[in-house]
Structures are given as structure tokens and as C-alpha cells.
Amino acid sequence: MIKTAIVGATGYVGEELARILTRHPLAEISYITSHSYAGQDYAGIYRNFNRIIEQKCVEENIEELSDRVDVLFMALPHGIACKKIKPAILEKVKIIDLGADFRLKSREIYEQWYNTEHEAPELLREAVYGLCERKREEIKEARLVANPGCYTTCSIMTLLPAVKEGLIDTGTIFIDAKSGVTGAGRSLNPGVHFAECNESIKAYKIAAHRHTPEIEQELGVKITFVPHLIPMQRGILSACYAKLKDKTLTHEDINQVYLEYYGKEHFVRVMEKDVYPETRWVRGSNFCDIGMKIDGRTGNIILIGAIDNLVKGASGQAVQNMNIMFGLDERMGVDSVPTCL
């Protein structure tokens, strides 16, 4: 059995990670850490784990945990993991960081967008960006995996084949993305209170969201990114617009390119013509659904992706990364059917 520890287990991402790991046949949750809830029963914080997880939350000690487990899942806000993860730790344990500290290869870009000092710049080159379908071979050999962001996963997966195959004018890419409120985390924030976000939709951090440089780094292009908060608990829908370079391309041509990239990928489902992803079709699952439409009048293509922000956009992809790192079937523990309703 793979011994795991969830560092920061009481946030939404940590809870989802615990839920997934309880179903994993070859992994066990050895430690659950939380500074705010240390000493409390985890099932007392999240009652859905009643009679399933009987552990108490403990204070985090990375040095001690690295001697006791095989993999550490770091589910912490940005700016914390880079203070705790050091080369000596990686000699003893594999780490999957679900925060933002090791996603960007440039220390300067990280510090510019996250407005904090990066305290482990020597590890930025080593960290592998954990987009499983793109970096699988690198992940297999990794000690430190930077789990991608939720908006980022959906947007990159949706655009990647079109960008890499030169199908679109990359100077025209516009990403219009919408997220459920769990993407904002569990900390108190007036902007995600029920009365503030129910029956309303709003754009925020326009052209200034921290996932922007992550998307640009992995696609190798500049983009305009506008995220929106919508009144649902979970899910991301990314509508990506761009000009086609060749206006004679048909849906069948583009679809074939996407099938060449994703046809053998279990967790990526390319929709048939005139079917467009919905967040309810991926809810509670590790799937990424992608659909497309060519606007013949304007020469634009609209590419649409949908994921569950807590699963494929966070905890599910983290477990998929763990499976790859330990040589397991990467579907193990995360191959659940979407709930839909």
C-alpha cells in the first residue's frame, strides 16, 4: 500500500482528495493535517466521512511526515509549500503540490503574479508540471509534481491541439471561463457568500488572474483570460475563441486532430459534432469534455471544455499523478462515473 499524507486536509480540495483516496485500492491515508482543526476528528468536520475516516487532524510536520509516508499531498495556499519543501525532503518522499508554488518555471513571474517571495527557487527547474496527458513520461520520474490549476487544466486541454498544430492565429486567443464557487476555497470571503453570488454572475480579475501566466507558459502563447464566478458549487466551463488560419478547415478536420491527441486518453472525451460540454456531465469525475464549433461567417473557431474543478482541476488529477509516479494504472481510484444530477 502507498502511504499518503494530506497536508491541509480541511479545505475543499483536501476534502475531495480524502474522498478519492478512501476508494483507492492501493493507497491509504496515513495522516491528515490541519493547523486550524488539530486534534479534531476529521469526520466531525466533514460528516460525509462518518464511519469511513476515523482519524484526527494533526499538526503538520513535514520532516516527520517525510519519514513515515511515501507521498505528501500539499493542499495549501500559495506561498507556503515553497517554505516547507527542500531538496533534503525530496530525498525521502515524493511530493505532489496542489498549490501554485512550483507551477511556474520563472521565479520572477511567480513573484510578480503572486506578490510574494519564492523561497525554494532551486526546485523550480526540477518540478514537473503535472498535466498528466501532456507530461506523463516526465511525471513517471518525478520527485516533485506541480499539480496544475483548475482554470488552467481546462483551458490548456481545450486549446492544446489547436495551438500545437498551428490551426489558429495565436494572437487572437480569448478565453471566457466560468467557475463554481468552490474554486475560491473554503476561507471566508464576502464575494462568495450566498447572498453575494446567488442569482448573479460576475467577471473578476479581468486580464489579471493568476492562472494566466500558467496557461501562457504551457501553451507558449499570449492569451486574454476573463474568468467568471457563477452560482454553482463546482465545475468549470472554458469557452475559447480564436481565428482559424485556414478557413477551408471543416469540423471533421479539426475533430480528427483532437482525436489524434486525445483519442486514446481515458479521461478526455471529444464530443461529436454539434454536442457541447456541460459541467453536469463531468461533475464528481476526472473527465475533461471538449467540443467545438466553426463559425463559417467570421472564420472563428469556438472550443469548449468542461471539468470538475475539484477533481480533474485539483484532487483527481493529483491522484492520477500519484498513480503515474508509482507505476500504477493511472485510472485507479479516480475512474468514477460523473454524477450528472
| Could you give the nm distance between label points at Ser200 and Leu259, where each point is 7 Å from its Cα heading toward the beta carbon? | 4.6 nm
| said: Given a Förster distance of 30 Å, report the FRET efficiency between Glu252 and Ile230 from their Cβ-Cβ distance, rounded to the nearest 0.05. | reply: 0.40
| request: Using the number of other C-beta atoms within 10 angstrom as an exposure proxy, rank Ser36, Ser336, Ser315 with the fewest first. | output: Ser36, Ser336, Ser315
| request: Among DSSP beta bridges whose residues both lie in region 175-317, state the antiparallel percentage, nearest 5. | output: 75 percent
| Hey, what number do you get for the chain at 222 nm if only DSSP H runs of n ≥ 4 count, each worth -39500 (n - 2.57), divided across all residues, to the nearest 500? | -7500 deg cm²/dmol
| query | Whose amide H sits under 5 Å from the amide H of Lys245, counting only residues 5 or more places off or on another chain, with H placed in the peptide plane? | reply | Ile168, Asp169
| request: Please give, to one decimal in nm, the separation of the simple spin-label points placed at Ala207 and Lys3, each 7 Å out from Cα toward the Cβ. | output: 5.2 nm
| task | Take Thr172, project a point 7 Å from its Cα along the Cβ direction, then tell me which residues of region 242-258 have their backbone nitrogen under 17 Å from it. | result | 242-251, 254
| If you look for lysine pairs in region 2-126 that are eight or more places apart or on different chains, how many of them have Cα atoms under 19 Å apart? | 11
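Taking 25 Å as R0, compute the FRET efficiency from the Cβ-Cβ separation of Lys92 and Gln55 and round it to 0.05.
0.70
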| field | Proximal lysines relative to Lys202, as straight alpha-carbon distance under 21 Å, when same-chain residues fewer than 8 apart are discounted | value | Lys178
| request: Take the alpha-carbon centre of region 309-341, take the same for region 1-55, and report the distance between them in whole Å. | output: 16 Å
| remark: Note on region 9-145, DSSP bridge orientation, antiparallel percent to nearest 5 equals 10 percent
| field | Percent of beta bridges antiparallel (DSSP, the chain, rounded to nearest 5) | value | 45 percent
| request: Please work out the Cα convex hull volume for region 204-244 and give it in Å³ per residue. | output: 96 Å³
| task | State, to one decimal in nm, how far the label point of Leu26 lies from the label point of Ile302, with both points 7 Å from Cα in the Cβ direction. | result | 4.3 nm
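No lab work stands behind these numbers, since they all come straight from the coordinates. Nothing here was measured: the structure is a model prediction, and the numbers come from that model. Don't worry about glycine lacking a Cβ; one is built from the backbone with ideal geometry, like all the others, and counts go over all protein chains shown.
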